[in-house]
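What follows is a single structure, written as structure tokens, with notes after it.
Every number here is computed from the coordinates shown, using simple stated rules; none is lab data. Note that the structure is predicted; figures quoted are calculated from it, not measured. A quick note on method: Cβ atoms are made from the backbone with ideal geometry, for glycine too, and the neighbour counts reach across all protein chains shown.
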Amino acid sequence: MPKKYYVIEVKNLTKSYGVNKVLRGINLKVERGTMLALLGPNGAGKTTTVRILSTLLKFDDGLVIVEGFNVAKDADKVRSVIGLTGQSAAVDELLTGRENLVMMGRLYRLTKRSAIARANELIEEFDLVDAADRQAKTYSGGMRRRLDLAVSLIATPPVIFLDEPTTGLDPRSRIAMWHIIKNLMANGTTILLTTQYLEEADQLADQIIVIDGGKVIAEGTAKELKGKVGKDRLELTFADDKALVAAQKVLGGDVTSFNQKEHSVTVAINDTNEDIKRALDIISKKKIELIAMAVHKPTLDDVFLSLTGKEKKGEK
Ligand SMILES: Nc1ncnc2c1ncn2[C@@H]1O[C@H](COP(=O)(O)OP(=O)(O)OP(=O)(O)O)[C@@H](O)[C@H]1O
Ligand SMILES: [Mg+2]
């Protein structure tokens, strides 16, 4: 079998600032047309990794290959195949949104006609139609952020690095951005994304890597990671105290927690259907009045918390 081709391949990447070892041997691989999401608490090394992969920062040791080019030796070639969206894009305050987009398109060597067409598309997608012909300096924070993103997506290179692309966006713009990202992947673009919104990784990423203290501490699909951290939980809510006490008695050791005020108990379940059926059978045999039930699955937030001991930052 021929060796599998990875668009992004990183082996044993290390980077220090003085005595501060920021990356301690990162390994990752990304296949074409897929997304890898890099998660980790503040200071984990996400931005540092993205900056190294996009040639903006030198590293100490290891191998970094992007679209077949060695980042340490062929930075120019790497630059020709990547796009980067970071905290700030090159927006000219005095130009209108549309002029910024067209100018950037021309810089990326689009013809005038395609630059204008691509600008129109992005203006629509990012909901900037009403503001497109005003100077960027008159934009609100949210509009400015959407223009930054639109500018960074004017050309569609084969590999895109997105460092927290949706931080600070309102929910509607975030969903618009997800839509654009999905379209890019469907067209074969390979993406490495960092995000503080775990739901974003859950929705978009084919694989997830969690880093902490410059090291990979877990990797897998969202489903695999959730499976590692815990079981599904069945929550049963009863009519009153009496029913609650009776249920606790018959469910015995299966009960992992209860809520007196809500008259509810929680039971850890393995094989979802079997275990639910068993719990309900016990309850109904004893004629205990059940008024609601719900199955809770572990979320990526649970994974993140259990792996890093830290709540994900930011999102309230
Ligand atoms: N120019 C620099 N000089 C010295 N230390 C730096 C420099 N840039 C980053 N660091 C350190 O490297 C570590 C990793 O930073 P990095 O920005 O990669 O984290 P991050 O995972 O992107 O965090 P965040 O979630 O806050 O964006 C931090 O401890 C940071 O203080
Ligand atoms: Mg960062």
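For Asn270 and Tyr108, a Förster radius of 51 Å and the Cβ-Cβ distance give a FRET efficiency of 0.45, rounded to the nearest 0.05. Counting only residues at least eight positions apart within a chain, or on another chain, the lysines with an alpha carbon under 29 Å from that of Lys249 are Lys231, Lys261, Lys277, Lys285, Lys286, Lys287, Lys297.
Mean projected area of the Cα convex hull of the chain, taken over all directions, amounts to 21.8 nm². In the chain, the longest principal axis of the Cα atoms and the axis of helix 112-125 are about 20 degrees apart.
In this structure, the residue pairs whose Cα-Cα separation is over 31 Å, taken from Lys4/Lys77; Lys77/Lys137; Lys3/Lys112; Lys112/Lys137, are Lys77/Lys137; Lys3/Lys112.
When the chymotrypsin sites (Phe, Trp or Tyr not before Pro) in the stretch 1-87 are filtered for DSSP coil states and for at most 15 other beta-carbon atoms within 10 Å of their beta-carbon, the remaining sites are Tyr5.
Shown is the FRET efficiency for His296 and Ala186, computed with R0 = 51 Å from the Cβ-Cβ distance and rounded to the nearest 0.05: 0.95.
Along the positive direction of the dipole of the stretch 8-227 (beta-carbon charges: Lys, Arg +1; Asp, Glu -1; about the Cα centre), which of Ala132, Leu107, Trp178 reaches farthest? Value computed over the given set: Leu107. Estimated from helices alone, the mean residue ellipticity of the chain at 222 nm is -11000 deg cm²/dmol (sum of -39500 (n - 2.57) over DSSP H runs with n ≥ 4, per residue). Of the residues Val30, Val22, the one with the fewest other Cβ atoms within 10 Å heads the list, and the complete ranking is Val22, Val30.
Residues of the stretch 141-183 with an amide N closer than 15 Å to a point placed 7 Å from the Cα of Asp92 along the Cα-to-Cβ direction: 151. Neighbour counts of other Cβ atoms within 10 Å put Val265, Val19, Val245, Val229 in the fewest-to-most order Val19, Val245, Val229, Val265.
Strictly greater than 24 Å: what percent of every Cα pair in the stretch 44-176 meets that? Of all Cα-Cα pairs in the stretch 44-176, 34 percent lie more than 24 Å apart.
Altogether, the Stokes-Einstein calculation at 37 °C and 0.692 mPa s, with the Kirkwood radius of the stretch 196-276 over Cα pairs as Rh, returns a diffusion coefficient of 215 µm²/s.
Over every Cα atom in the stretch 96-163, the radius of gyration and the widest Cα-Cα span, Dmax, amount to 11.3, 33 Å. Basic side chains Lys and Arg get +1 at the Cβ, acidic Asp and Glu get -1 at the Cβ, and with that the dipole of the stretch 8-227 about its Cα centre reaches some 480 debye.
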